[in-house]
Amino acid sequence: MSFDPLIARPSETLCLCPRIDENTDASSTRRLALGFGLGVLAQALALAQLPQAALLIAPRAEQIGWPLALLLIGAALASFPAAALVDGFGRRAAFALGASLGVGGGLLTAFGMTHGHFPALCLGALWLGLAQGFGLFYRHIAASALGGLRVLAGGALAALAAPLVVHASELAGGGAANLLCAALLQLAALFLALRLPHGFSEVNASVSSAAAVDGASFRSATHFALATLAGAAAWAIMAAAMLRGPLSLALCGAAQSLIGGAMAWHLLAMYGPAALAARFPARFPPLASLVAGLVLLAGAFASLRLSTSPALLAAAMAAVGVAWSLANIGALRLLHEKGPPSRTALALHDLCLLGAAAAGALAF
């Protein structure tokens, strides 16, 4: 049995785990994709319900966007803790903690909605956001940009199941039932996280070691800046669209089933292109994907603001999802084009993206 040569640092917990072979690493990537997919399903239910719950119980009109903004703020706040815990204590502990926060957040938001308690709704949304922040780090645990795209592809499979899950929660009563179902999905993610390998694969260990030698910088700071700034713009517009879309549909008199279905198609559009990019990476060059995504995103959001019919609103939400996906594919591949980034740099990247998303939700 051979072990990875690791240099201990003060206050760091290391796992002397055996090397993980290629087959085991592929199995781990599938588990990461499944865990990410469960998080996407929980996100679909929460995003379909939180804006409407806030519309019903928010004390003032300007506070309607608070729960969604707090969800995104929580995701941003989790960026650096997720990176630190994954690096110091292993993926199992980190992702189990994130899923546990999601379980508590789903239960608390359901309580806040059923009892008309707006602070509880906001606190639960924050916890759900913390869980989302940990879940988003799944894509960075994969050893390469292609592995990250495969993890994102798990979101596409989850989005395919989203209409069925939304419909089942509606049959169970809708409203708070959506949030309770989100808590159950996070519970499933918790059990899956406990089955993840504790340590890192050989590739990930070498990435961490290289990052320790090179510091927190990339070989090309320009690529990091471009990927982060463009990604932040995409996340800000997407967050504003995800708040505006369901509320606009509700104001147009759309049924809850239509709103849930529109969110499901929106999520499928968000992650579907990633599945194609994982299968045909050469057809999604980084810079071209990034530019195309931003241009399409601007047009789709303008259409969302101007549309007045439920069908056009749902189509605009799907277009926003496709554009956001293209921008993220380009950003992810651009991050890895000049070599593997450090955990700190990845956490900073996610913090900028999610902070911009929170600002977009509040600006709406």
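The values are calculated or read from the model by the stated rules, or taken from the named source; none is laboratory data. The shown structure was predicted, so the numbers you read here are calculated from the model rather than taken from an experiment. Note that each Cβ is placed from the backbone with ideal geometry, even for glycine, and that neighbours are counted across all protein chains shown. Side chains included, ligands, DNA and RNA excluded: accessible areas come from the protein's heavy atoms. Shrake-Rupley method; radii C 1.70, N 1.55, O 1.52, S 1.80 Å.
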Look at LEU184 and say whether it is among the hydrophobic types (A, V, I, L, M, F, W, C), farther than 19 Å from LEU130 by Cβ, modelled with pLDDT of 70 or more and open to solvent by 60 Å² or more (accessible area, probe 1.4 Å).
no
Residue identified as over 19 Å from SER248 (Cβ atoms) and without any contact (Cβ under 8 Å) to a residue 24 or more places away in the chain among ARG333, ARG283
ARG283
Those residues that are open to solvent by less than 40 Å² (accessible area, probe 1.4 Å) and under 16 Å from the mean Cα position of the chain (by Cα), I need them from the range 228-260; list them, please.
THR228, GLY231, ALA232, ALA234, TRP235, ALA236, MET238, ALA239, ALA240, ALA241, MET242, LEU243
Residue among GLY174, GLY124 that alone is out of contact with any strand residue (DSSP E or B) (no Cβ under 7 Å at 6 or more places or on another chain), at pLDDT 85 or above, more than 16 Å from PHE95 (Cβ to Cβ) and open to solvent by less than 20 Å² (accessible area, probe 1.4 Å):
GLY124
Regarding ALA46, is this residue assigned to a helix (DSSP H, G or I), touching a Leu at 6+ places or on another chain (Cβ under 8 Å), open to solvent by less than 80 Å² (accessible area, probe 1.4 Å) and at pLDDT 55 or above?
yes
